[in-house]
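Down below is the structure, laid out as structure tokens.
The values are calculated or read from the model by the stated rules, or taken from the named source; none is laboratory data. Keep in mind that this is a model prediction, so the values were computed, not measured. Positions of Cβ are generated from backbone atoms using ideal geometry, with glycine treated the same way; all protein chains shown enter the neighbour counts. Quick note on the areas: whole protein, heavy atoms, side chains included, nothing else; ligands and nucleic acids left out. Shrake-Rupley method; radii C 1.70, N 1.55, O 1.52, S 1.80 Å.
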Amino acid sequence: MKKPNSLVEPLFEGPIDIVGDVHGEIEALRDLLGHLDYGDDGLHVKGRRLVFVGDLTDRGPDSPAVIDLVKRFVESGRAQCVLGNHELNLLLCADTGKRKFDNHWFFGEERSLDGSDQPTPAVLADDEIRQSAVDFFKTLPLALQRDDLRVVHACWDDSMIRIAREASDAVALHERYRDLIAVDHELHPELDTVDRRLAHQNRNPVKVLTSGKERRVATPFEASGKLRYEERVPWWDDYGADEPVCVCGHYAIPAAHSLLPPQVHCVDYGVAKRWRERQQPDLDGSFELRLAAARFPERVVICDNGSSASLFSEGP
Ligand SMILES: [Mn+2]
């Protein structure tokens with residue numbers, strides 16, 4: 001399988017449809033591709049092409065089916081896909097055996113090892129599926145760009161993009177920076193746990209591009225049962241008004257969509273939370289959970305239920 005020459009690759013020219021974080025929701029993906037007029041083979045009658053922002057897996061019922069579909073389209077030149085933090089975690093797990101709470105399906109397990117409330121996947125990976133997923137993820141770039149448009153999973157950061165452009169292997173680049181930061185920490189015993197965690201998040205280009213920058217909060221807060229000392233940095237506040245439009249996923253927070261400047265679009269409309277909604281139908285009526293795609297040059301968002309809206313409104 002083709003390995004990237006650079007972790008920043010040219011984005012398809014011409015009309016494209018940029019699909020948000022799928023997170024194993026294969027039915028939503030098939031519905032969305034139907035509304036966008038793609039065939040089962042990924043071909044579009046008008047020659048449009050698909051671009052995926054990463055986070056294909058975890059939480060939804062069938063991560064292997066999503067990987068299989070996107071891989072087929074990418075291999076036939078009908079789609080592009082960037083690496084998300086969930087793909088990165090799986091690549092790192094495959095090496096270290098260290099698991100994350102919501103990728104138990106990858107290890108063929110119905111339940112999360114840490115005993116937390118996690119989705120029960122409908123399809124579990126076997127050796128063949130694991131190998132095929134890892135082989136595919138290793139071919140994915142961290143970012144795509146053309147003159148008028150940029151695509152990254154979480155955060156566009158010029159200095160990190162420059163580093164990624166010179167590299168061709170995301171896992172090796174991640175390890176190189178992880179080790180450099182660890183060596184630096186040995187020289188600085190005064191740094192506390194939060195400083196160290198933030199350095200690993202904010203100074204490693206693979207982490208920044210796939211999960212964004214973070215900062216220390218003045219007062220620790222509780223989220224998902226854990227005390228948090230860090231929060232996400234709204235990097236889009238510093239993204240220049242004259243920069244090309246940047247499309248990301250990752251930030252499935254309804255408020256983010258209305259806070260973004262017009263040159264940054266987040267196409268993650270929260271379909272990752274559908275597994276929770278199935279368990280508790282009244283979970284969060286204030287934000288509908290959808291899978292969506294942003295069409296360019298039309299600048300329209302199309303959802304898996306067929307609804308559509310301008311990219312500049314608050315969403316369909
Ligand atoms: Mn993500």
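Some notes on this structure:
- Label-to-label distance for His185 and Leu113 is 2.0 nm, based on points extended 7 Å past Cα in the beta-carbon direction.
- The chain: antiparallel DSSP beta bridges as a percent of all, rounded to 5: 55
- Overall, the anisotropy analysis places the range 83-157 in the prolate class: the square-rooted eigenvalues a ≥ b ≥ c of its C-alpha gyration tensor yield a/c not less than 1.5, with a/b exceeding b/c.
- Cα-centre dipole for the chain with unit charges at Cβ (Lys and Arg positive, Asp and Glu negative), debye to 20: 280
- The accessible surface of the chain, taken with every protein chain in place and a 1.4 Å probe, is 48 percent carbon and sulfur.
- Projected area averaged over orientations for the range 1-159, convex hull of C-alpha atoms, nm²: 9.9
- For GluC sites (Glu not before Pro), the sites in the range 1-75 that DSSP calls loop and that have at most 12 other Cβ atoms within 10 Å are Glu13.
- Residues in the range 191-211 reached by a label modelled at Val217 [backbone nitrogen below 20 Å; 7 Å Cα→Cβ]: 192-202, 211
- Charge dipole (the chain, unit charges on Cβ, about Cα centre) - positive-most of Gly20, Ala272, Leu91: Leu91
- Solvent-accessible area per residue, Å², over the chain with all protein chains present [probe radius 1.4 Å]: 47
- A simple spin-label model places pseudo-atoms 7 Å from Cα toward Cβ; at Ser224 and Ser307 they are separated by 2.6 nm.
- Between Val233 and His35, the simple spin-label model (points 7 angstrom out along Cα→Cβ) gives 3.5 nm.
- Members of Lys71/Lys138; Lys100/Lys207; Lys98/Lys207; Lys207/Lys273 lying beyond 20 Å, as alpha-carbon distances in this model show: Lys207/Lys273
- Most mobile of Leu259, Leu50, Leu33 in a GNM of the chain (Cα contacts under 10 Å): Leu259
- Altogether, the Stokes-Einstein calculation at 25 °C and 0.890 mPa s, with the Kirkwood radius of the chain over Cα pairs as Rh, returns a diffusion coefficient of 123 µm²/s.
- The chain, helix-only ellipticity at 222 nm - DSSP H runs n ≥ 4, -39,500 (n - 2.57), divided by all residues, nearest 500: -9500 deg cm²/dmol
- The loop-placed GluC sites (Glu not before Pro) in the range 117-225, going by DSSP, that have at most 13 neighbouring Cβ atoms within 10 Å of their Cβ come out as Glu166, Glu190.
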